[in-house]
1. Just checking, which of B:VAL18, B:VAL7 is in contact with an Asp or Glu (Cβ under 9 Å, 6 or more places away or on another chain), buried (at least 17 other Cβ atoms within 10 Å of the Cβ) and among the β-branched types (Val, Ile, Thr)?
2. Would you check which residues across the stretch B:183-200 are within 26 Å of B:GLY4 (Cα to Cα) and touching a strand residue (DSSP E or B) at 6+ places or on another chain (Cβ under 6 Å) and list them?
3. Which of the following residues is within 18 Å of B:ALA119 (Cα to Cα) and away from chain B (no Cβ under 12 Å): A:ALA97, A:ALA26, A:ALA13, A:ALA107?
4. In the stretch B:146-177, what residues are of a type outside the set (Ser, Thr, Tyr), under 17 Å from B:LEU100 (Cβ atoms) and at the interface with chain A (Cβ under 10 Å from one of its Cβ atoms)?
5. Considering only residues that are under 23 Å from the mean Cα position of the chain (by Cα) and of a type outside the set (A, V, I, L, M), which ones fall in the stretch A:187-196?
6. Among the numbered criteria (1) surrounded by fewer than 20 Cβ atoms within 10 Å (Cβ to Cβ); (2) at pLDDT 95 or above; (3) among the aliphatic types (A, V, I, L, M), which one does A:LEU106 miss?
7. Which residues, counting only those in the stretch A:2-20, are among the β-branched types (Val, Ile, Thr) and at pLDDT below 95?
Amino acid sequence: MAEVVARDIPDGAYVNLGIGQPTMVASYLRPGSGVVLHTENGMLNMGPLATGDEIDPDLTNAGKQPVTELPGASYFHHADSFAMMRGGHLDVCIMGAFQVSATGDLANWSTGAPDAIPAVGGAMDLAIGAKQVFVMMTLFAKDGKPKLVPSCTYPLTGRACVSRVYTDVATFALSPDGVRVVETFGTTAGELAARLDVPLS
Amino acid sequence: MPAGEAVRAVRDGDTVLVGGFGMAGMPVELIDALIEHGAGDLTIVSNNAGNGDTGLAALLAAGRVRKVVCSFPRQSDSWVFDGLYRAGKIELEVVPQGNLAERMRAAGAGIGAFYSPTAVGTPLAEGKEVRVIDGREYLLEYPIRGDVALIKAHLADRMGNLVYRKTARNFGPVMATAAAVTIAQVSRVVEVGELDPEAVVTPAIYVNRVVVP
């Protein structure tokens, strides 16, 4: 999945990778692509995870893991970091999701469970800020329910913000015209249409 | 200045801005001094609600915090906050991270309020004024001011100009502008003139006290 996402990132793009699975996309970026990684805690041109002597507690990614800096890196404070998102300067952000609606609504910060401690981090700012929001998720939850839905039942992170959904079985492009199957992996568009409540083209 | 003397600025009931993203940039020694100082009933504004058992987590564990305003309280190592929250012993206001930073920036810059597109259509929009500007919806957001800011920088000069180190900068520069009293913990103080003026990130006008732990 990470490899498929990496293929769709334009050369030279400024990209924010969310916590968890999206961080794996970095490993598949083509050398020389010129893609610059942004981390919300105040850095551009972030390098790979730090190991051994490279580990520096003052240099971490959004998931608080130690990372490295690449030549041409820059540091900035939090208000600037989020101005970059909100101001439309970031080309792509990649996040996980609990649910995505056919109209591109994103739900990825809370299941709404009564005992859950709400924690949103930078997800809402990224969702409305980046020019394109890509989601990486499994298409079906552990209980078999689809996560690409007509309308999200979980609390929203952002409205009409997701343009692409990358899943284990298919990639979908979302637009005002609807949901289009871009590519399938080990299944067919027809089989997916039978399992989803969302019209596919 | 000794940390214990610096944090006497904090009074019961104060709003304290605490720098850091996780442990990077967290002014642990200032927080330890605040615990020793004993001020309570505090509102803490910080990105997280404490990690592990040190720093902010220790302040929470000491029962000094009434309310936490933060973006991301729930983490694998936030057991102190989790316990207090589930026991109903602490209030929580969750603010999207960018709004948290910008609300402090607004406080420091004398902005009365601003419209942000973040959180439109989400549960965190509840109770906020919605304004349509050029066809897009925004939410009215108010500044967050601190009575005291506790931040960590790398170097200070004797005037209080600050430079930071890597991603430990995070909320420090914004919080420094947003509090009535800003206390910076640094690893070293240099003489006036030793910092490159082009490289100063937080000008001394925002910094009231400097502590080298």
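The values are calculated or read from the model by the stated rules, or taken from the named source; none is laboratory data. Keep in mind that what you see is a predicted model, and the values were worked out from it rather than measured. Cβ sites come from the backbone with ideal geometry, for glycine too, and all protein chains shown count toward neighbours.
1. B:VAL7
2. B:ILE183, B:ALA184, B:GLN185, B:VAL186, B:ARG188, B:VAL189, B:VAL190, B:VAL192
3. A:ALA97
4. B:ARG169, B:ASN170, B:PHE171, B:GLY172, B:PRO173, B:VAL174, B:MET175, B:ALA176
5. none
6. A:LEU106 satisfies all of (1) surrounded by fewer than 20 Cβ atoms within 10 Å (Cβ to Cβ); (2) at pLDDT 95 or above; (3) among the aliphatic types (A, V, I, L, M) except (1).
7. The answer is A:ILE19, and nothing else.
Conditions tested, residue by residue: (1) of a type in the set (Val, Ile, Thr); (2) more than 23 Å from A:PRO66 (Cβ to Cβ); (3) at pLDDT below 95.
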residue: B:ASP14; (1), (2), (3): no, yes, no
residue: B:GLY19; (1), (2), (3): no, no, no
residue: B:ALA24; (1), (2), (3): no, no, no
residue: B:ILE31; (1), (2), (3): yes, no, no
residue: B:ILE35; (1), (2), (3): yes, yes, no
residue: B:ALA39; (1), (2), (3): no, yes, no
residue: B:ASN47; (1), (2), (3): no, no, no
residue: B:LEU59; (1), (2), (3): no, yes, no
residue: B:VAL68; (1), (2), (3): yes, yes, no
